[in-house]
Each structure stands twice: as structure tokens, then as C-alpha cells.
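Please read the structure below before turning to the comments.
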Amino acid sequence: MSATTEFPRASGAVAPETARRADIRVDLQLIADMVAPGARVLDIGCGDGALLDYLVHFKRVDGRGMELSQAGVNACVSHGLSVIQGDADIDLKDYPSNAFDYAILSQTLQATRDPRGVVEHLARIGRRAIVSFPNFGYWRVRMRLLATGRMPVTEALPLRRYDTPNIHLCTILDFVELAREIGVTIERGIAITATGKPSPIRSLKLANLTGEQALFLLKRG
């Protein structure tokens with residue numbers, strides 16, 4: 001790997017505060033449930049490391065992370081996680097193919113400049129990829145846009161248009177179309193309601209209307 005993918009060594013001891021971090025968001029728990037114990041995992045856009053911490057200490061994965069913000073990197077490293085600072089749009093090209101069992105992109109796709117390229121790299125780097133994102137086709141988003149004529153603000157999309165990092169919002173239908181275009185197989189899809197209830201995606205149109213968030217397990221076709 002290049003210098004951009006040289007990770008700090010994780011500490012062997014688990015800090016007491018880390019060991020107690022068993023409660024994570026519903027979407028992160030669903031992602032964790034898709035990951036096999038002991039797998040090699042790259043968590044891209046890992047934030048403060050909540051998911052990576054859970055995977056390392058409760059599923060015993062060989063976990064690595066990439067995070068754009070220095071504050072997020074510092075938080076992860078302080079918990080003994082192997083995380084580097086990096087940009088998904090730029091740095092994923094430096095990773096060799098099949099370097100990990102799972103490449104995870106949680107709630108970050110909409111903030112990338114090249115979503116298609118990022119998903120292609122995820123499917124190349126990991127034997128499987130897991131992607132989650134806020135669904136812009138959610139019915140409340142549609143209603144607020146229709147009623148106010150302005151960009152909606154919701155729990156999944158809480159920031160206003162002038163200070164949001166989200167630049168490429170998409171719907172469940174958009175993502176499924178993207179997966180088809182790049183030849184990626186969707187092995188599993190889950191829609192998550194505003195109350196945090198997950199449901200397997202069987203009807204794309206219904207999931208696109210009722211799911212506030214979406215989660216997909218991908219494999220190269």
C-alpha cells in the first residue's frame with residue numbers, strides 16, 4: 001500500500017470507556033450484523049469510530065478506518081482504533097483490490113464528489129461493500145419540498161442547504177440504478193423508517209417512499 005494507507009497500530013488494551021460502547025445507532029447495528037466475525041474491514045468516513053469500535057471489540061474484526069476530519073481521526077485514535085485521515089474521493093485509488101472482506105461507507109456517499117467512482121472503488125477494495133445513506137425519496141422529504149418549495153430539513157438531513165456537506169443526495173431508486181450501471185450485485189437491501197424500524201427491501205417503490213434511510217450489501221457482479 002502507499003503511504004496514504006499506512007495505519008497507526010491499534011493498542012492491545014481496550015479502554016474501559018471503549019468496552020462499554022455496545023449501544024450504537026440502529027443503522028450501524030444493522031451494518032455490524034452484516035459483517036462476519038473476524039473479517040478484515042475498512043470503514044470509510046468512520047466519524048468518531050462508533051461502528052469501527054463496535055466491530056473491533058464485539059465482532060473481533062481486523063478493522064481499519066479512514067476519516068476526513070482531523071477531529072474524527074483524533075477521537076478514533078484515542079480509543080485505540082487504527083484510523084488515518086483521508087478523502088474517499090481521492091485516496092481509495094491507493095488501496096489494492098480485495099484488500100478487505102468488507103468496505104463500509106456509512107452515511108457518507110451523499111457527501112462525496114464522485115459517488116459512482118467511490119462505489120466502484122468500494123466494490124474493488126472489498127470482497128463485499130456496505131453502503132448506507134439518507135433517502136431523498138422519503139415521503140416527508142417530498143411533502144416538505146412540495147409544501148414549502150425549499151430544500152427539506154429532516155432528522156436524516158438536519159442541516160440547511162448553505163451549511164450541509166451533502167452535495168449528491170440520492171434516492172433508493174437512484175442507488176439501485178447506479179449499482180446496475182456499474183455491474184454491482186445487491187445481495188441485501190434494508191429500508192429504515194424515521195422511528196428506526198428496519199424492513200427488507202422487497203418493493204423498491206414502496207421502500208423509496210417509506211424509508212428515511214437505506215442500507216445495501218453489495219458484491220461485484
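The values are calculated or read from the model by the stated rules, or taken from the named source; none is laboratory data. Everything numeric here is computed off the predicted structure, so don't read it as measured data. When we count neighbours, we look across all protein chains shown, and the Cβ atoms used for this are built from the backbone with ideal geometry, even at glycine.
Here are the numbers:
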read-out	value
Those residues of the range 67-93 which are free of Cβ contacts under 8 Å to residues at least 40 places away in the same chain, assigned to a loop (DSSP other than H, G, I, E, B) and either surrounded by 23 or more Cβ atoms within 10 Å (Cβ to Cβ) or not acidic (Asp, Glu) (or both), in sequence order	68, 69
Enumeration of residues in the range 108-137 that are in contact with a Pro (Cβ under 7 Å, 6 or more places away or on another chain) and surrounded by fewer than 24 Cβ atoms within 10 Å (Cβ to Cβ)	110, 111
Some residue of the range 138-149 being within 24 Å of residue 83 (Cα to Cα), touching a Leu at 6+ places or on another chain (Cβ under 9 Å) and of a type in the set (A, V, I, L, M)	no
Failed item, numbered, when residue 96 is tested on (1) within 17 Å of the chain's Cα centre (by Cα); (2) in contact (Cβ under 8 Å) with a residue 60 or more places away in the chain	(1)
Subset of the range 14-47 (residues that are part of a loop (DSSP other than H, G, I, E, B) and either crowded, with 19+ Cβ neighbours inside 10 Å or at pLDDT 95 or above (or both))	35, 36, 37, 38, 39, 45, 46, 47
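Residue-wise test of (1) surrounded by fewer than 21 Cβ atoms within 10 Å (Cβ to Cβ); (2) of a type in the set (A, V, I, L, M); (3) closer than 15 Å to residue 123 by Cα.
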{"site": "191", "(1), (2), (3)": "no, yes, no"}
{"site": "199", "(1), (2), (3)": "yes, no, no"}
{"site": "202", "(1), (2), (3)": "yes, no, no"}
{"site": "206", "(1), (2), (3)": "yes, yes, no"}
{"site": "209", "(1), (2), (3)": "yes, yes, no"}
{"site": "218", "(1), (2), (3)": "no, yes, yes"}
